[in-house]
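Novice: This is the structure, below, for whatever I ask next.
We did not get these values from a lab; they are worked out from the coordinates using the rules stated. Only a predicted model underlies this, so the values are computations on that prediction, with no experimental measurement involved. Note that each Cβ is placed from the backbone with ideal geometry, even for glycine, and that neighbours are counted across all protein chains shown.
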Amino acid sequence: MQSITLIQPRHIYAPDPLDEKFGHIYMPTSLLTIGSILLNAHIDVSIHDENLNDFVINNNIIGVNLIGSPYIPYAVDLSNKLEAKFGKKNYKLILGGQVVSGLTDKQRQFLFGSDSINGNNFDALSDILNIDKKKFVSPQKISLIEGYSKIDPNQLKLYLSTEFCLYLSQGCKFSCSFCGAHRSRFNYHTKTFSKCHEVYRDSNIILKDLEYLIQKSIDFGINKLNIYLSNLDLFQSPNLLLEFTLQVLNLRSKYKEFIINFRGLSNVRSFLRTHNNNSTLIHDMVKAGLYRIGFGIDGANPRIWKSTHKPQTLFECTETIRIARLVYGITPELLMVFGYNNIEDENSLKHSFDFLSEMIDLYNALPRPHVAKEIIPFSDAWFQEKNRDIVNKLLNYPILFQNLDFTAIPSEISHKDLVFRTLVTEYYLKMCELPSSLTQFVKPIDINMSQSEIKEIKNFNLGRYDF
């Protein structure tokens, strides 16, 4: 039987395990999804979360979940370790996560070697594991219970004691240019536009998985689950969301003493459309446990929204926040991705700051400021010829991918102009200092820094996890 080891990397801002055993405790749902698919296909799978335990390489077929661009240096280092241990051509590094699909084959091989593959491609995965692709069940049809059962009970208890992501759907119909997720997008290679549609998991499988986690929690003496729903836009497909909501309400009736709290993301226009056409759904979601929604405000500026293809108006943003709080009692999180090059100036930066301040005063909103990082794998800017120099610099110096963390202070990689970079930094730090701000900013690393300077920055960034 073919075997594979799946790794969840230790959080890049976690303390060294010699100093503190645990890193960021967060259930690796993406890793468990692919693990369950492979287990169902009768592949021998072991799953390791480096946030909980050290990992010793003992298998020459390794799969790793890259959470985003800042984890690319980790995978480069892992590739070097595998080559040193097994020799060139004697190992396979399978890379998962949306960021991997944002790299061209040439870029991926340049970074991680010719023995790396994009694990999101089931054709490539079946070749590496020497198994018929037909044995792979789609992510929408697979239960994660087999994956959950591979987790040590003490570790599963830790995961269930903190917030975790429930895989409910993937895909977004909108085409916001800065987003690296699975969405509608213009293909700069084929010069065509591809429309994306949200795809839900099988509702009966979701129900089965959620009930399994509730029962496990009760066994552990845990009386509630804090769940982040995976949807990129929670109210994008109201009918499918309603089906899930009714199932959760049935579960809550069955487990009357058990508490479920849901948090998620929503486009403001989708929320308003649902409010106007089917307000009962939102009320039912609140009954099911929805208590907080992150709304993508992203600049609070029509010029920015037009430039980034984000469909909303200032009125829609303010109405959404007001209605969420006053009509449904939902706490609005305000995701403020701002600081776009060649679009913004000090007036627009100040406007974004003032908007957050006003929404805090009026509706007790929770600000989540992030700095725009336009050139990330799978964003529109990543494929544009004008940005080739920056992309090449990132590829040649992978440590710089950490600069693309949306919580990182602007750097020369993300904001070339010093004057604008200074302004964005000033307003970003002011936003992070707002009452109830959820963002812990981190500092970027530069290749020209001394080792002592890099160490100082890494020490500053310790434990500053985004969520």
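Novice: Quick one: dipole size for the range 150-461, taken about the Cα centre, charges +1 on Lys/Arg Cβ and -1 on Asp/Glu Cβ, in debye to the nearest 20.
Specialist: 740
Novice: Which lysines, on any chain, are close to K458 with Cα under 19 Å apart, when same-chain ones fewer than 8 places away are left out?
Specialist: Within the straight-line cut-off, K458 pairs with K21, K443.
Novice: Could you pull the Rg and Dmax for the chain, using just the Cα atoms, both in Å?
Specialist: 22.0, 62
Novice: Counting only other residues whose beta carbon sits under 11 Å from that of Y212, what net charge do I get with K and R as +1, D and E as -1?
Specialist: Net charge around Y212: -2.
Novice: Also: At a 10 angstrom cut-off on C-beta neighbours, averaged per residue, how do the peptides 205-217, 379-391 rank from highest to lowest?
Specialist: Those peptides, ordered most packed to least, come out 205-217, 379-391.
Novice: How do the peptides 438-449, 226-237 rank, highest first, by the average count of neighbouring beta carbon atoms within 10 Å per residue?
Specialist: Descending mean neighbour count gives 226-237, 438-449.
Novice: Moving to a separate point now. Cα to Cα, under 18 Å, and not fewer than 8 places away if on the same chain: which aspartates and glutamates meet these conditions relative to K430?
Specialist: D298, E333, E344, D345, E346, D354, E358, D361, D466
Novice: So, one more: State, as an integer percentage, the relative contact order of the chain based on alpha-carbon contacts under 8 Å between residues 6 or more apart.
Specialist: 13
Novice: Another question, if that's okay. Can you list the residues, at least 5 places off or on another chain, whose amide H is less than 5 Å from the amide H of L225, using H built in the peptide plane?
Specialist: I259, I260, N261
Novice: Within 9 Å, Cβ to Cβ, of E412, how many net charges do the neighbouring residues add up to if Lys/Arg are +1 and Asp/Glu are -1?
Specialist: Combined, the nearby Lys, Arg, Asp and Glu give +1.
Novice: To the nearest 0.05, what FRET efficiency results for M449 and R388 with a Förster distance of 22 Å applied to their C-beta separation?
Specialist: It comes to 0.35.
Novice: Neighbour counts of other C-beta atoms within 10 Å: give me V137, V337, V56 arranged from fewest to most.
Specialist: V56, V137, V337
Novice: Cross-link partners among aspartates and glutamates for K254, C-alpha distance below 18 Å, same-chain residues fewer than 8 apart left out?
Specialist: Within reach: D209, E211, D219, E243, D284.
Novice: Let me have the 222 nm mean residue ellipticity of the chain computed from DSSP H runs of 4+ only, each contributing -39500 (n - 2.57), with the sum over all residues rounded to the nearest 500.
Specialist: Result for the chain, helices only: -12000 deg cm²/dmol.
Novice: Given the pairs K393/K416; K310/K393; K141/K224; K157/K287; K224/K287, which span a C-alpha to C-alpha distance of over 18 angstrom in this model?
Specialist: Over 18 Å apart, Cα to Cα: K310/K393; K141/K224; K157/K287.
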